[in-house]
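Report on the following structure.
The values are calculated or read from the model by the stated rules, or taken from the named source; none is laboratory data. This structure is a prediction, so every number in the text was calculated from the model and none was measured. So basically every Cβ, Gly included, is an ideal-geometry build from the backbone, and we count neighbours across all protein chains shown.
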Amino acid sequence: MAPKASSFVGPGALDVSFEVNGHPATVHIPPHRTLLDTLRETLGLTGAKKVCDEGTCGACTVLVDGKAVYSCMTLAIACEGRSVETVEGLARDGQLHPVQQAFIDHDAFQCGFCTPGQLMSIAALLRSNGAPSEEDVTRAVTGNLCRCGAYPNIVAAGVAAARKAGRA
Amino acid sequence: MKPFGYARPRSVAEATRLLGDDAVAIAGGTDQLGLMKSGIAVPERLVSLSGLTDLDGWTRERGKGLRIGALTPLTDLETSAGFARILPVVPQALALAATPQLRTMGTVGGNLLQKTRCWYYRDEAFPCWLKGGTRCFALEGDNRHHAVLGAEECVSASPSDLAPALIAYDASVELRGARGGRTIALADLYQAPHGAKRAEHTIRATEVLTAVRIPEAALARRATFLKAMDRKAWSFAVVSVSVAARVRDGKARDVRIVLGGVAPIPWRARSAETILEGRALDDATCRAAADGAFADAEPLKDNGHKVTIGRELVRRALRSLADA
């Protein structure tokens, strides 16, 4: 079937459907609503944090189709039909994701506010690189600011998480 | 953000019909949404280019050079081993650009069309000349990040790391409008804002940037990208230097020196290129060219360091071509 000629939708709210942490979700939102606000305010998933809200700090990092992105600079409407993963989806069946456990083991946070974003950036890295070096992990979290300065432990946790996942 | 209408066309032709003065294109959105959140851009409608899947990806045809679709994510060029064999300077430049998230979201076309980072331009409270106001606040204000070369009414600095690297390979861009297409030199996509031209880009409101082309002959050049930043990562260029040349028997030909972060446009240091043409890339010659690249510099009160740093980066980049 030929694609339908497109026209504009909005600016009022409309239904947008995508997958969130493996479950289908339909939200009724206007086109200017960001993915971050949709996750937090419409879907009640407050793991992704709203800090700079301008694509600078990384606290809102989630995965879209398996890749780490800033949800504050992503329109929810642009996620139609795609897969979104948040920190709430990392643990499975009551078991922490290896990177979550590694953050605890390595004391990789102080205030913890940047942690969900750090976790998602490293989770994305581990999918494409099963044995990342310290440099790989450092590069992966370049876009995630930690003002407590927990970087060395974050990097150590990322490297250890890969080893742990490899053994699992 | 002000509410807006939204469309996601499936073809370039459809996109060009939907675009207009109040309907602007959005690709990765990393710059466009920033401008909209800060009230600098307030379009009535957004035309998402994300459905134009034909524009995602690159191809090389023997004899025809390299063609990069404008919707190709920056990450894909950064991490492709095949692409790195053809044009390694691009992944070199991209590895230092922005953050992994922004490179995943951002596209080639969006990077080339991003607006200046001038903090007066980006702040809604300042009615600066580039936004239609009466004066350039950076000229008298805090201008550490601004231009030292080629500025007229506006002293903004061109932010892209990718554009200078591509211009060093004589890149051109394909633009498609409702009434047909045109191909222009990538360098001509940029203009120093002046007079009635209060914009850094020459693309028309109804045009879509569809692809970047590199001619086959230019691919024989070797190149180096160097970038000075305020921090080791996630920083726009204080100065970036892209140099390219064909080097045979120790002599440089087709030399290109293109600077980012120092002028309102990606800045080609043509007189410095001339100094090197046909010459050996020894230290004295590279130093002379580096001095030449900044001979016309007119630093503002806070950005004289760009000249000092820029000269040294040009010298180092040129020297690296000799050693390559």
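Can you name the residue in the stretch B:225-281 that is part of a strand (DSSP E or B) and aromatic (Phe, Trp, Tyr) and, of all such residues, is nearest to the chain's Cα centre (by Cα)?
B:TRP267
Could you check how many residues of the stretch A:77-100 are more than 15 Å from A:ARG40 (Cβ to Cβ), within 14 Å of chain B (Cβ to nearest Cβ) and among the hydrophobic types (A, V, I, L, M, F, W, C)?
2
Taking the stretch B:286-312, which residues are more than 17 Å from B:VAL241 (Cα to Cα) and in contact with a helix residue (DSSP H, G or I) (Cβ under 8 Å, 6 or more places away or on another chain)?
Correct list: B:PRO299, B:LEU300.
Among residues belonging to the stretch B:57-100 that are on the phi > 0 side of the Ramachandran plot and buried (at least 18 other Cβ atoms within 10 Å of the Cβ), point out the one that is farthest from the other protein chains (Cβ to nearest Cβ).
That would be B:GLY65.
Suppose the filter is part of a strand (DSSP E or B) and buried (at least 17 other Cβ atoms within 10 Å of the Cβ); does A:ALA48 pass it?
no
Under the condition of being more than 8 Å from chain A (Cβ to nearest Cβ) and among the β-branched types (Val, Ile, Thr), which residue from the stretch B:27-47 is surrounded by the most Cβ atoms within 10 Å (Cβ to Cβ)?
B:VAL47
Does any residue in the stretch B:156-172 that is in contact (Cβ under 8 Å) with a residue 40 or more places away in the chain come within less than 7 Å, Cβ to Cβ, of a residue that is part of a helix (DSSP H, G or I) and among the polar types (S, T, N, Q) six or more places away or on a different chain, and which pairs are these?
B:SER160/B:ASN111; B:LEU162/B:ASN111
In the stretch B:1-104, which strands (runs of 3 or more DSSP E) lie fully inside it and hold 1 or more residues that are at pLDDT below 95 and not assigned by TED's automatic domain parsing to the domain that holds B:SER240?
By residue number, B:58-61.
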